[in-house]
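The structure under discussion appears below in the form of C-alpha coordinates.
The values are calculated or read from the model by the stated rules, or taken from the named source; none is laboratory data. Keep in mind the model is a prediction, meaning the values are calculated, not measured. FYI the Cβ positions are ideal-geometry reconstructions off the backbone, even for glycines, and counts take in every protein chain you see. Only protein heavy atoms, including side chains, enter the accessible area calculation; ligands, DNA and RNA are left aside. Shrake-Rupley method; radii C 1.70, N 1.55, O 1.52, S 1.80 Å.
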Amino acid sequence: MGAGRGRGVGSDGGGRTPKEAEVAAGSRVAGAAGMAKSSRENGPRAPATGGSLSGTRESLAQGPDAATADELSSLGSDSEANGFAERRIDKFGFIVGSQGAEGALEEVPLEVLRQRESKWLDMLNNWDKWMAKKHKKIRLRCQKGIPPSLRGRAWQYLSGGKVKLQQNPGKFDELDMSPGDPKWLDVIERDLHRQFPFHEMFVSRGGHGQQDLFRVLKAYTLYRPEEGYCQAQAPIAAVLLMHMPAEQAFWCLVQVCEKYLPGYYSEKLEAIQLDGEILFSLLQKVSPVAHKHLSRQKIDPLLYMTEWFMCAFARTLPWSSVLRVWDMFFCEGVKIIFRVGLVLLKHALGSPEKLKACQGQYETIEQLRSLSPKIMQEAFLVQEVIELPVTERQIEREHLIQLRRWQETRGELECRSPPRMHGAKAILDAEPGPRPALQPSPSIRLPPDATVLSSKANKLPKQVQKEQKRTKASGQLDKSPGPNQATVVTASGDACPPQDVPPKDSVSQGPIPQDSAPQDLACHPSQESLTSQESEDTYL
(Lines give C-alpha, C1' and ligand atoms only; values in the text may rest on other atoms or scores of the structure.)
Protein backbone atom coordinates (compact mmCIF):
# COMPACT_ATOMS: atom_id res chain seq x y z
CA MET A 1 0.00 0.00 0.00
CA GLY A 2 2.64 2.51 0.97
CA ALA A 3 5.81 3.38 -0.87
CA GLY A 4 9.24 2.18 0.31
CA ARG A 5 10.06 1.39 3.90
CA GLY A 6 11.57 4.75 4.77
CA ARG A 7 13.28 5.36 8.08
CA GLY A 8 12.20 3.56 11.21
CA VAL A 9 10.12 5.27 13.83
CA GLY A 10 11.17 4.93 17.44
CA SER A 11 8.83 3.54 20.07
CA ASP A 12 7.92 5.38 23.24
CA GLY A 13 7.91 2.20 25.28
CA GLY A 14 4.43 0.72 25.03
CA GLY A 15 0.92 1.77 26.00
CA ARG A 16 -0.30 4.20 28.59
CA THR A 17 -0.50 3.71 32.33
CA PRO A 18 -3.92 2.83 33.80
CA LYS A 19 -4.28 6.37 35.07
CA GLU A 20 -3.62 7.83 31.63
CA ALA A 21 -6.12 5.42 30.10
CA GLU A 22 -8.71 6.50 32.66
CA VAL A 23 -8.09 10.14 31.80
CA ALA A 24 -8.43 9.38 28.09
CA ALA A 25 -11.71 7.57 28.66
CA GLY A 26 -13.05 10.55 30.55
CA SER A 27 -12.37 12.93 27.66
CA ARG A 28 -15.26 11.61 25.53
CA VAL A 29 -17.54 14.56 26.20
CA ALA A 30 -16.00 17.15 23.88
CA GLY A 31 -14.79 16.95 20.31
CA ALA A 32 -11.36 18.40 21.17
CA ALA A 33 -9.03 18.23 24.11
CA GLY A 34 -9.47 21.03 26.56
CA MET A 35 -13.15 21.50 25.60
CA ALA A 36 -14.75 18.99 27.94
CA LYS A 37 -14.86 21.49 30.77
CA SER A 38 -16.53 24.21 28.69
CA SER A 39 -19.29 21.80 27.62
CA ARG A 40 -20.72 21.90 31.15
CA GLU A 41 -20.55 25.65 31.65
CA ASN A 42 -23.77 27.69 31.43
CA GLY A 43 -22.29 31.04 30.46
CA PRO A 44 -23.47 32.98 27.40
CA ARG A 45 -22.75 31.28 24.11
CA ALA A 46 -19.73 32.84 22.47
CA PRO A 47 -17.12 31.59 20.02
CA ALA A 48 -14.11 30.18 21.74
CA THR A 49 -10.97 32.24 21.67
CA GLY A 50 -7.75 31.17 20.04
CA GLY A 51 -6.21 30.48 23.43
CA SER A 52 -8.92 28.02 24.44
CA LEU A 53 -8.08 25.95 21.37
CA SER A 54 -4.35 25.83 21.89
CA GLY A 55 -4.47 22.20 22.94
CA THR A 56 -6.50 21.12 19.94
CA ARG A 57 -3.63 21.23 17.45
CA GLU A 58 -1.68 18.62 19.37
CA SER A 59 -4.42 16.69 21.15
CA LEU A 60 -7.83 16.05 19.62
CA ALA A 61 -10.00 14.00 21.92
CA GLN A 62 -9.34 10.32 21.53
CA GLY A 63 -12.16 7.95 20.76
CA PRO A 64 -13.73 5.56 23.27
CA ASP A 65 -11.37 2.80 22.16
CA ALA A 66 -8.23 4.78 22.97
CA ALA A 67 -7.06 2.54 25.81
CA THR A 68 -7.59 -0.62 23.76
CA ALA A 69 -5.80 0.99 20.85
CA ASP A 70 -2.79 1.79 23.01
CA GLU A 71 -2.60 -1.81 24.24
CA LEU A 72 -2.87 -3.08 20.68
CA SER A 73 -0.26 -0.68 19.35
CA SER A 74 2.28 -1.92 21.90
CA LEU A 75 2.76 -5.06 19.82
CA GLY A 76 6.44 -5.03 19.10
CA SER A 77 7.83 -8.45 18.20
CA ASP A 78 7.20 -10.14 14.88
CA SER A 79 5.62 -13.11 16.60
CA GLU A 80 3.07 -10.92 18.36
CA ALA A 81 2.31 -8.99 15.20
CA ASN A 82 2.01 -12.15 13.12
CA GLY A 83 -0.21 -13.79 15.70
CA PHE A 84 -2.57 -10.83 15.60
CA ALA A 85 -2.48 -10.75 11.81
CA GLU A 86 -3.97 -14.24 11.72
CA ARG A 87 -7.34 -12.74 12.59
CA ARG A 88 -9.73 -12.15 9.73
CA ILE A 89 -9.51 -8.84 7.87
CA ASP A 90 -12.51 -7.21 6.20
CA LYS A 91 -12.39 -5.80 2.67
CA PHE A 92 -11.28 -2.38 3.97
CA GLY A 93 -8.29 -3.80 5.86
CA PHE A 94 -9.78 -3.64 9.37
CA ILE A 95 -9.63 -6.54 11.80
CA VAL A 96 -13.02 -8.26 11.92
CA GLY A 97 -14.69 -7.68 15.27
CA SER A 98 -12.96 -4.36 15.96
CA GLN A 99 -14.75 -1.03 16.07
CA GLY A 100 -13.28 -0.04 12.72
CA ALA A 101 -14.70 -3.12 10.99
CA GLU A 102 -18.22 -3.23 9.64
CA GLY A 103 -20.87 -5.91 9.52
CA ALA A 104 -22.92 -6.90 6.51
CA LEU A 105 -22.65 -4.32 3.74
CA GLU A 106 -24.56 -3.75 0.56
CA GLU A 107 -22.31 -5.27 -2.06
CA VAL A 108 -22.24 -3.75 -5.55
CA PRO A 109 -22.89 -6.51 -8.10
CA LEU A 110 -19.66 -7.62 -9.75
CA GLU A 111 -20.94 -6.83 -13.24
CA VAL A 112 -21.90 -3.29 -12.19
CA LEU A 113 -18.52 -2.83 -10.50
CA ARG A 114 -16.68 -3.89 -13.66
CA GLN A 115 -18.73 -1.46 -15.74
CA ARG A 116 -17.91 1.37 -13.34
CA GLU A 117 -14.23 0.47 -13.43
CA SER A 118 -14.26 0.61 -17.23
CA LYS A 119 -15.92 4.03 -17.19
CA TRP A 120 -13.49 5.39 -14.61
CA LEU A 121 -10.50 4.05 -16.54
CA ASP A 122 -11.70 5.93 -19.61
CA MET A 123 -12.11 9.12 -17.56
CA LEU A 124 -8.71 8.86 -15.90
CA ASN A 125 -6.98 8.19 -19.21
CA ASN A 126 -8.64 11.26 -20.75
CA TRP A 127 -8.86 13.39 -17.62
CA ASP A 128 -8.41 16.86 -19.10
CA LYS A 129 -11.09 16.31 -21.72
CA TRP A 130 -13.58 15.00 -19.16
CA MET A 131 -12.90 17.83 -16.70
CA ALA A 132 -13.27 20.43 -19.45
CA LYS A 133 -16.43 19.13 -21.08
CA LYS A 134 -18.10 16.54 -18.82
CA HIS A 135 -17.43 17.63 -15.26
CA LYS A 136 -21.07 17.06 -14.27
CA LYS A 137 -20.73 13.44 -15.30
CA ILE A 138 -17.65 13.07 -13.10
CA ARG A 139 -19.61 14.52 -10.19
CA LEU A 140 -22.46 12.04 -10.71
CA ARG A 141 -20.04 9.13 -10.81
CA CYS A 142 -18.33 10.32 -7.63
CA GLN A 143 -21.73 10.41 -5.96
CA LYS A 144 -22.30 6.80 -7.00
CA GLY A 145 -18.95 5.86 -5.49
CA ILE A 146 -15.49 5.43 -7.00
CA PRO A 147 -14.53 1.77 -7.61
CA PRO A 148 -12.20 0.63 -4.81
CA SER A 149 -9.50 -0.47 -7.25
CA LEU A 150 -9.26 3.05 -8.70
CA ARG A 151 -10.10 5.18 -5.66
CA GLY A 152 -6.53 6.17 -4.83
CA ARG A 153 -5.75 7.19 -8.40
CA ALA A 154 -9.03 9.08 -8.71
CA TRP A 155 -8.40 11.02 -5.49
CA GLN A 156 -5.01 12.10 -6.84
CA TYR A 157 -6.56 13.41 -10.06
CA LEU A 158 -9.54 15.06 -8.34
CA SER A 159 -7.46 16.81 -5.68
CA GLY A 160 -4.75 17.98 -8.05
CA GLY A 161 -2.17 15.97 -6.11
CA LYS A 162 -1.09 14.32 -9.35
CA VAL A 163 -0.36 17.73 -10.88
CA LYS A 164 1.52 18.86 -7.76
CA LEU A 165 3.72 15.79 -7.92
CA GLN A 166 4.53 16.46 -11.58
CA GLN A 167 5.31 20.08 -10.81
CA ASN A 168 7.65 19.15 -7.95
CA PRO A 169 9.67 16.09 -9.01
CA GLY A 170 11.98 14.86 -6.26
CA LYS A 171 10.61 17.35 -3.69
CA PHE A 172 9.17 14.71 -1.39
CA ASP A 173 12.43 12.71 -1.44
CA GLU A 174 14.31 15.88 -0.55
CA LEU A 175 12.00 16.54 2.40
CA ASP A 176 12.10 12.88 3.40
CA MET A 177 15.89 12.95 3.65
CA SER A 178 15.91 16.13 5.76
CA PRO A 179 16.18 15.67 9.55
CA GLY A 180 13.09 17.65 10.50
CA ASP A 181 12.27 19.89 13.44
CA PRO A 182 12.69 17.98 16.75
CA LYS A 183 9.75 19.79 18.39
CA TRP A 184 7.38 18.31 15.78
CA LEU A 185 9.01 14.91 15.45
CA ASP A 186 8.35 14.04 19.08
CA VAL A 187 4.66 14.99 18.83
CA ILE A 188 4.22 13.08 15.56
CA GLU A 189 5.79 9.92 17.00
CA ARG A 190 3.45 10.00 19.99
CA ASP A 191 0.43 10.18 17.68
CA LEU A 192 1.36 7.40 15.24
CA HIS A 193 -0.12 4.48 17.17
CA ARG A 194 -3.43 6.28 17.67
CA GLN A 195 -4.29 6.36 13.96
CA PHE A 196 -6.61 3.47 13.01
CA PRO A 197 -4.90 0.93 15.31
CA PHE A 198 -7.28 -1.82 14.12
CA HIS A 199 -6.26 -1.45 10.49
CA GLU A 200 -3.74 -3.93 9.14
CA MET A 201 -1.43 -1.13 7.96
CA PHE A 202 -1.12 0.49 11.38
CA VAL A 203 -1.65 -2.40 13.78
CA SER A 204 2.05 -2.87 14.55
CA ARG A 205 4.10 -0.19 16.25
CA GLY A 206 6.98 0.75 13.97
CA GLY A 207 5.46 -1.16 11.05
CA HIS A 208 5.57 0.03 7.47
CA GLY A 209 2.27 1.89 7.76
CA GLN A 210 3.43 3.90 10.75
CA GLN A 211 6.79 4.56 9.10
CA ASP A 212 5.13 5.99 6.00
CA LEU A 213 2.74 8.03 8.15
CA PHE A 214 5.71 9.50 10.00
CA ARG A 215 7.45 10.33 6.70
CA VAL A 216 4.40 12.11 5.27
CA LEU A 217 3.68 14.16 8.40
CA LYS A 218 7.32 15.08 8.91
CA ALA A 219 7.63 16.13 5.27
CA TYR A 220 4.64 18.46 5.68
CA THR A 221 6.20 20.21 8.69
CA LEU A 222 9.22 20.93 6.48
CA TYR A 223 7.10 21.92 3.49
CA ARG A 224 5.02 24.34 5.58
CA PRO A 225 7.16 25.18 8.65
CA GLU A 226 4.90 28.12 9.49
CA GLU A 227 2.04 25.67 10.07
CA GLY A 228 3.98 22.78 11.55
CA TYR A 229 1.94 19.78 12.65
CA CYS A 230 -1.65 19.46 13.83
CA GLN A 231 -2.92 16.17 15.22
CA ALA A 232 -5.98 16.23 12.97
CA GLN A 233 -3.68 15.88 9.96
CA ALA A 234 -2.67 12.39 11.07
CA PRO A 235 -5.98 10.62 10.32
CA ILE A 236 -6.21 12.50 7.00
CA ALA A 237 -2.75 11.26 6.00
CA ALA A 238 -3.50 7.75 7.27
CA VAL A 239 -6.62 7.43 5.09
CA LEU A 240 -4.63 8.60 2.08
CA LEU A 241 -1.87 6.06 2.81
CA MET A 242 -4.44 3.27 2.76
CA HIS A 243 -5.02 4.08 -0.91
CA MET A 244 -1.68 5.27 -2.33
CA PRO A 245 2.10 5.36 -1.75
CA ALA A 246 3.70 7.87 0.61
CA GLU A 247 4.78 10.42 -2.01
CA GLN A 248 1.33 10.61 -3.61
CA ALA A 249 -0.30 10.73 -0.16
CA PHE A 250 1.92 13.67 0.78
CA TRP A 251 0.83 15.77 -2.20
CA CYS A 252 -2.82 14.92 -1.64
CA LEU A 253 -2.40 16.01 1.98
CA VAL A 254 -0.90 19.28 0.74
CA GLN A 255 -3.95 19.84 -1.45
CA VAL A 256 -6.36 19.11 1.40
CA CYS A 257 -4.56 21.53 3.72
CA GLU A 258 -4.05 24.30 1.15
CA LYS A 259 -7.01 24.06 -1.23
CA TYR A 260 -9.90 22.21 0.41
CA LEU A 261 -9.49 23.21 4.08
CA PRO A 262 -7.07 26.17 4.16
CA GLY A 263 -6.34 27.49 7.63
CA TYR A 264 -7.85 24.50 9.43
CA TYR A 265 -4.48 23.38 10.77
CA SER A 266 -2.91 26.77 11.47
CA GLU A 267 -1.83 27.68 14.99
CA LYS A 268 -4.88 29.69 16.07
CA LEU A 269 -7.47 27.49 14.28
CA GLU A 270 -9.34 30.58 13.17
CA ALA A 271 -10.68 28.97 10.00
CA ILE A 272 -12.37 26.13 11.88
CA GLN A 273 -13.95 28.62 14.27
CA LEU A 274 -15.37 30.60 11.36
CA ASP A 275 -16.72 27.45 9.76
CA GLY A 276 -18.34 26.48 13.05
CA GLU A 277 -20.33 29.72 12.96
CA ILE A 278 -21.17 29.13 9.29
CA LEU A 279 -22.44 25.62 10.10
CA PHE A 280 -24.57 26.93 12.96
CA SER A 281 -26.10 29.64 10.76
CA LEU A 282 -26.90 27.18 7.95
CA LEU A 283 -28.50 24.85 10.52
CA GLN A 284 -31.19 27.46 11.18
CA LYS A 285 -32.46 26.97 7.62
CA VAL A 286 -31.95 23.21 7.48
CA SER A 287 -33.35 22.29 10.93
CA PRO A 288 -34.84 25.13 13.00
CA VAL A 289 -35.63 22.66 15.82
CA ALA A 290 -32.00 21.57 16.21
CA HIS A 291 -30.79 25.17 15.88
CA LYS A 292 -33.16 26.37 18.60
CA HIS A 293 -32.14 23.56 20.96
CA LEU A 294 -28.41 24.21 20.55
CA SER A 295 -29.00 27.95 21.02
CA ARG A 296 -31.02 27.39 24.19
CA GLN A 297 -28.36 25.06 25.58
CA LYS A 298 -25.65 27.63 24.63
CA ILE A 299 -23.46 24.94 23.08
CA ASP A 300 -20.62 26.32 20.99
CA PRO A 301 -20.30 24.63 17.57
CA LEU A 302 -16.65 23.85 18.30
CA LEU A 303 -17.75 21.32 20.90
CA TYR A 304 -19.27 18.99 18.32
CA MET A 305 -17.95 19.93 14.87
CA THR A 306 -14.20 20.34 15.41
CA GLU A 307 -13.30 16.69 14.98
CA TRP A 308 -15.96 16.23 12.28
CA PHE A 309 -14.53 18.90 10.04
CA MET A 310 -10.80 18.75 10.80
CA CYS A 311 -10.69 14.98 10.24
CA ALA A 312 -13.28 15.04 7.42
CA PHE A 313 -15.42 12.58 9.41
CA ALA A 314 -12.70 9.91 9.20
CA ARG A 315 -13.03 9.29 12.95
CA THR A 316 -16.81 9.59 13.10
CA LEU A 317 -18.60 7.61 10.39
CA PRO A 318 -18.60 3.90 9.48
CA TRP A 319 -15.80 3.21 7.03
CA SER A 320 -17.97 2.63 3.97
CA SER A 321 -19.63 5.99 4.64
CA VAL A 322 -16.23 7.68 5.12
CA LEU A 323 -15.07 6.54 1.69
CA ARG A 324 -18.26 7.68 -0.04
CA VAL A 325 -18.08 11.07 1.70
CA TRP A 326 -14.43 11.47 0.66
CA ASP A 327 -15.28 10.56 -2.96
CA MET A 328 -17.74 13.46 -3.07
CA PHE A 329 -15.50 15.73 -0.98
CA PHE A 330 -12.57 15.50 -3.39
CA CYS A 331 -14.90 16.23 -6.30
CA GLU A 332 -17.16 18.95 -4.87
CA GLY A 333 -15.17 20.44 -2.02
CA VAL A 334 -15.98 21.52 1.52
CA LYS A 335 -19.72 21.88 0.90
CA ILE A 336 -19.88 18.07 1.28
CA ILE A 337 -18.40 18.36 4.78
CA PHE A 338 -20.98 21.02 5.67
CA ARG A 339 -23.80 18.91 4.26
CA VAL A 340 -22.76 15.82 6.23
CA GLY A 341 -22.59 17.87 9.45
CA LEU A 342 -26.01 19.38 8.81
CA VAL A 343 -27.55 15.98 8.05
CA LEU A 344 -26.17 14.51 11.28
CA LEU A 345 -27.41 17.45 13.36
CA LYS A 346 -30.81 17.42 11.69
CA HIS A 347 -31.44 13.72 12.32
CA ALA A 348 -29.87 13.66 15.80
CA LEU A 349 -31.63 16.75 17.23
CA GLY A 350 -34.25 17.70 14.66
CA SER A 351 -37.42 16.41 16.34
CA PRO A 352 -39.06 16.91 19.77
CA GLU A 353 -38.95 13.16 20.42
CA LYS A 354 -35.17 13.06 20.04
CA LEU A 355 -34.73 16.09 22.27
CA LYS A 356 -36.44 14.43 25.23
CA ALA A 357 -33.20 12.69 26.11
CA CYS A 358 -31.16 15.93 25.71
CA GLN A 359 -32.17 18.03 28.70
CA GLY A 360 -28.75 19.55 29.28
CA GLN A 361 -25.46 20.35 27.60
CA TYR A 362 -23.84 17.10 28.65
CA GLU A 363 -26.68 14.95 27.33
CA THR A 364 -26.76 16.86 24.04
CA ILE A 365 -23.03 16.45 23.46
CA GLU A 366 -23.29 12.76 24.29
CA GLN A 367 -26.12 12.43 21.77
CA LEU A 368 -23.90 13.94 19.08
CA ARG A 369 -20.97 11.72 20.02
CA SER A 370 -22.99 8.51 19.93
CA LEU A 371 -24.98 8.99 16.76
CA SER A 372 -27.54 6.44 15.63
CA PRO A 373 -26.07 3.89 13.17
CA LYS A 374 -29.10 4.44 10.94
CA ILE A 375 -28.28 8.05 10.10
CA MET A 376 -24.62 7.16 9.47
CA GLN A 377 -25.47 4.21 7.20
CA GLU A 378 -23.87 4.60 3.78
CA ALA A 379 -26.92 4.59 1.47
CA PHE A 380 -29.06 6.77 3.76
CA LEU A 381 -26.36 9.33 4.51
CA VAL A 382 -25.15 9.71 0.92
CA GLN A 383 -28.67 10.22 -0.40
CA GLU A 384 -29.41 12.82 2.27
CA VAL A 385 -26.17 14.64 1.50
CA ILE A 386 -26.87 14.70 -2.24
CA GLU A 387 -30.40 16.06 -1.74
CA LEU A 388 -29.52 18.74 0.83
CA PRO A 389 -29.69 22.14 -0.95
CA VAL A 390 -26.52 23.77 0.42
CA THR A 391 -24.36 25.37 -2.26
CA GLU A 392 -20.91 26.93 -2.52
CA ARG A 393 -22.53 30.32 -2.97
CA GLN A 394 -24.43 30.02 0.31
CA ILE A 395 -21.29 28.97 2.15
CA GLU A 396 -19.24 31.85 0.71
CA ARG A 397 -21.99 34.38 1.44
CA GLU A 398 -22.21 33.18 5.04
CA HIS A 399 -18.42 33.20 5.26
CA LEU A 400 -18.34 36.92 4.43
CA ILE A 401 -21.01 37.61 7.08
CA GLN A 402 -19.15 35.69 9.79
CA LEU A 403 -15.82 37.22 8.77
CA ARG A 404 -17.30 40.70 9.15
CA ARG A 405 -18.63 39.83 12.61
CA TRP A 406 -15.24 38.41 13.59
CA GLN A 407 -13.48 41.62 12.52
CA GLU A 408 -15.99 43.74 14.43
CA THR A 409 -15.58 41.79 17.68
CA ARG A 410 -12.00 40.49 17.57
CA GLY A 411 -10.16 42.44 14.91
CA GLU A 412 -8.31 41.10 11.90
CA LEU A 413 -7.47 37.42 11.49
CA GLU A 414 -3.95 36.54 12.57
CA CYS A 415 -3.64 33.82 9.94
CA ARG A 416 -4.26 34.88 6.36
CA SER A 417 -5.28 31.66 4.63
CA PRO A 418 -5.42 31.29 0.85
CA PRO A 419 -8.92 31.26 -0.68
CA ARG A 420 -10.81 28.01 -0.42
CA MET A 421 -11.25 25.99 -3.62
CA HIS A 422 -14.66 24.36 -3.98
CA GLY A 423 -13.79 21.06 -5.59
CA ALA A 424 -11.78 19.53 -8.40
CA LYS A 425 -12.95 21.85 -11.18
CA ALA A 426 -12.02 24.99 -9.26
CA ILE A 427 -8.58 23.56 -8.41
CA LEU A 428 -7.90 22.55 -12.00
CA ASP A 429 -8.95 25.98 -13.32
CA ALA A 430 -6.80 27.79 -10.76
CA GLU A 431 -3.73 25.60 -11.09
CA PRO A 432 -3.39 23.90 -14.48
CA GLY A 433 -0.71 21.27 -14.65
CA PRO A 434 2.40 20.97 -16.83
CA ARG A 435 0.58 18.98 -19.51
CA PRO A 436 -0.49 19.97 -23.04
CA ALA A 437 -3.24 22.52 -22.60
CA LEU A 438 -6.58 22.16 -24.33
CA GLN A 439 -5.78 24.47 -27.21
CA PRO A 440 -8.05 24.76 -30.28
CA SER A 441 -7.06 22.04 -32.73
CA PRO A 442 -8.60 22.43 -36.21
CA SER A 443 -10.02 19.32 -37.77
CA ILE A 444 -9.57 20.74 -41.30
CA ARG A 445 -6.20 21.84 -42.63
CA LEU A 446 -6.17 23.71 -45.94
CA PRO A 447 -3.32 24.27 -48.39
CA PRO A 448 -1.21 27.37 -47.76
CA ASP A 449 -2.72 29.20 -50.75
CA ALA A 450 -6.33 28.63 -49.58
CA THR A 451 -8.38 31.23 -47.73
CA VAL A 452 -9.25 30.17 -44.16
CA LEU A 453 -12.68 31.44 -43.19
CA SER A 454 -14.39 31.44 -39.83
CA SER A 455 -17.95 30.18 -39.53
CA LYS A 456 -20.53 28.44 -37.39
CA ALA A 457 -21.42 25.41 -39.46
CA ASN A 458 -21.48 21.76 -38.41
CA LYS A 459 -18.75 19.12 -38.43
CA LEU A 460 -17.79 17.27 -41.61
CA PRO A 461 -20.01 14.23 -42.08
CA LYS A 462 -18.18 10.94 -41.69
CA GLN A 463 -19.00 10.05 -45.29
CA VAL A 464 -17.21 13.16 -46.56
CA GLN A 465 -14.21 12.46 -44.32
CA LYS A 466 -13.95 8.89 -45.62
CA GLU A 467 -14.19 10.12 -49.22
CA GLN A 468 -11.41 12.63 -48.64
CA LYS A 469 -9.20 10.01 -47.01
CA ARG A 470 -9.78 7.67 -49.95
CA THR A 471 -8.88 10.42 -52.40
CA LYS A 472 -5.73 11.25 -50.50
CA ALA A 473 -4.65 7.62 -50.29
CA SER A 474 -5.01 7.05 -54.03
CA GLY A 475 -3.05 10.22 -54.79
CA GLN A 476 -5.79 11.50 -57.08
CA LEU A 477 -7.13 14.93 -56.31
CA ASP A 478 -10.14 16.57 -57.86
CA LYS A 479 -9.64 19.18 -60.54
CA SER A 480 -7.67 22.00 -58.98
CA PRO A 481 -9.07 25.53 -59.10
CA GLY A 482 -7.36 28.32 -60.95
CA PRO A 483 -4.12 29.76 -59.65
CA ASN A 484 -5.97 32.65 -58.03
CA GLN A 485 -8.94 30.62 -56.76
CA ALA A 486 -9.47 28.09 -53.98
CA THR A 487 -12.51 25.97 -53.22
CA VAL A 488 -13.19 25.97 -49.48
CA VAL A 489 -14.97 22.94 -48.07
CA THR A 490 -17.03 23.77 -45.02
CA ALA A 491 -17.43 21.60 -41.96
CA SER A 492 -20.86 20.58 -43.25
CA GLY A 493 -19.30 19.13 -46.39
CA ASP A 494 -20.68 21.73 -48.84
CA ALA A 495 -18.30 23.44 -51.23
CA CYS A 496 -18.43 27.20 -51.31
CA PRO A 497 -18.16 29.01 -54.64
CA PRO A 498 -14.56 29.68 -55.69
CA GLN A 499 -13.23 32.78 -54.02
CA ASP A 500 -10.62 35.05 -55.52
CA VAL A 501 -7.34 34.64 -53.72
CA PRO A 502 -4.85 37.43 -54.16
CA PRO A 503 -1.37 36.46 -55.31
CA LYS A 504 1.24 35.87 -52.65
CA ASP A 505 2.95 39.13 -53.52
CA SER A 506 -0.21 41.11 -52.90
CA VAL A 507 -0.82 39.26 -49.63
CA SER A 508 2.58 40.19 -48.34
CA GLN A 509 2.07 43.86 -49.22
CA GLY A 510 -0.74 44.43 -46.75
CA PRO A 511 -3.84 42.98 -45.06
CA ILE A 512 -6.92 42.08 -47.04
CA PRO A 513 -9.64 44.75 -46.80
CA GLN A 514 -12.41 43.78 -44.40
CA ASP A 515 -15.19 44.41 -46.95
CA SER A 516 -13.64 41.80 -49.23
CA ALA A 517 -14.33 39.03 -46.68
CA PRO A 518 -17.30 36.80 -47.62
CA GLN A 519 -20.52 37.26 -45.68
CA ASP A 520 -22.01 33.81 -46.23
CA LEU A 521 -21.91 32.09 -42.82
CA ALA A 522 -22.71 28.76 -44.42
CA CYS A 523 -19.20 28.65 -45.83
CA HIS A 524 -17.46 29.03 -42.46
CA PRO A 525 -15.93 26.05 -40.61
CA SER A 526 -17.64 25.53 -37.23
CA GLN A 527 -16.19 26.70 -33.94
CA GLU A 528 -17.07 23.34 -32.45
CA SER A 529 -14.93 21.51 -34.98
CA LEU A 530 -12.00 23.82 -34.29
CA THR A 531 -11.91 22.81 -30.63
CA SER A 532 -12.55 19.12 -31.09
CA GLN A 533 -9.74 16.74 -30.25
CA GLU A 534 -11.71 13.66 -31.10
CA SER A 535 -12.02 14.13 -34.87
CA GLU A 536 -9.09 13.22 -37.05
CA ASP A 537 -7.18 15.77 -39.11
CA THR A 538 -8.34 15.99 -42.72
CA TYR A 539 -6.20 17.38 -45.48
CA LEU A 540 -7.54 18.87 -48.73
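Considering only Cα-Cα distances, which of the following residue pairs are longer than 27 Å: Lys268/Lys374; Lys259/Lys298; Lys134/Lys162; Lys164/Lys285; Lys129/Lys162; Lys91/Lys346?
Numbers: Lys268/Lys374 35 Å; Lys259/Lys298 32 Å; Lys134/Lys162 20 Å; Lys164/Lys285 38 Å; Lys129/Lys162 16 Å; Lys91/Lys346 31 Å.
Too far apart for the 27 Å limit: Lys268/Lys374; Lys259/Lys298; Lys164/Lys285; Lys91/Lys346.
Taking θ = phi - 60°, what integer Hz values does the Karplus form 6.51 cos²θ - 1.76 cosθ + 1.60 yield along segment 267-277, in sequence order, with x for Gly and Pro?
For segment 267-277, the Karplus curve yields 4, 8, 6, 5, 5, 5, 5, 4, 5, x, 5 Hz.
Can you sort Thr316, Thr364 by solvent-accessible area, 1.4 Å probe, largest first?
On the way: Thr316 35, Thr364 0 Å².
These residues rank, largest area first, as Thr316, Thr364.
As a test of reading the structure, rank Tyr265, Tyr362 by solvent-accessible area (1.4 Å probe, protein chains only), most first. Can you show the working numbers first?
Numbers: Tyr265 5, Tyr362 95 Å².
In descending accessible area the options line up as Tyr362, Tyr265.
Restricting attention to segment 367-412, which GluC sites (Glu not before Pro) occupy a DSSP loop and are surrounded by at most 10 other Cβ atoms within 10 Å?
Those satisfying the criteria are Glu412.
Using a 1.4 angstrom probe with every protein chain in place, what is the largest-first accessible-area order of Asp275, Asp128?
On the way: Asp275 5, Asp128 40 Å².
If we order Asp275, Asp128 from most to least accessible, we get Asp128, Asp275.
Given that compact globular proteins tend to follow 2.2 N^0.38 Å, what is the ratio of the alpha-carbon Rg of segment 301-373 to that value?
Values: Rg = 12.8 Å, N = 73, 2.2 N^0.38 = 11.2 Å.
Relative to the 2.2 N^0.38 Å estimate, segment 301-373 comes out at 1.14.
Just the accessible area for Lys164, please: 1.4 Å probe, Å², rounded to the nearest 10?
20
Could you report the accessible area of Val96 in Å², rounded to 10, computed with a 1.4 Å probe on the protein chains as they sit in the structure?
Here the residue's solvent-accessible area equals roughly 60 Å².
Please report the carbon-and-sulfur percent of the accessible area for segment 258-354; probe 1.4 Å, protein heavy atoms only, DNA, RNA and ligands left out. Walk me through the numbers before you get to the answer.
Details: 1090 of 2170 Å².
Roughly 50 percent, rounded to a whole number.
Suppose every K and R has +1 on its Cβ and every D and E has -1 on its Cβ; what is the size of the dipole of segment 230-353 about the Cα centre, in Debye to the nearest 20? Before the final figure, lay out the partial values.
Working: 11 positive and 11 negative charges, 96 e Å.
Dipole size: approximately 460 debye.
Compute the whole-percent fraction of alpha carbon pairs in segment 149-206 spaced more than 16 Å apart.
On the way: 1106 of 1653 pairs.
Within segment 149-206, distances greater than 16 Å cover 67 percent of Cα pairs.
State the percentage of accessible surface on segment 183-241 attributable to carbon and sulfur atoms; use a 1.4 Å probe and exclude ligands, DNA and RNA. It would help to have the intermediate numbers written out before the result.
Working: 700 of 1460 Å².
Summing carbon and sulfur atoms, their accessible area is 48 percent of the total for segment 183-241.
How many Å² of accessible area per residue for segment 178-223, probe 1.4 Å? Mind showing how you got there, number by number?
Values: 1450 Å² over 46 residues.
Here the residues of segment 178-223 average 32 Å² of exposed surface.
How much net charge surrounds Gln255 when only other residues with a Cβ under 11 Å from its Cβ are counted (Lys, Arg +1; Asp, Glu -1)? Please list the in-between numbers first.
Details: positive: Lys162, Lys164, Lys259; negative: Glu258, Glu431.
Local charge sum for Gln255: +1.
When all protein chains stay in place, what accessible area (Å², nearest 10, 1.4 Å probe) is found for Phe92?
Taking all protein chains as shown, Phe92 has close to 40 Å².
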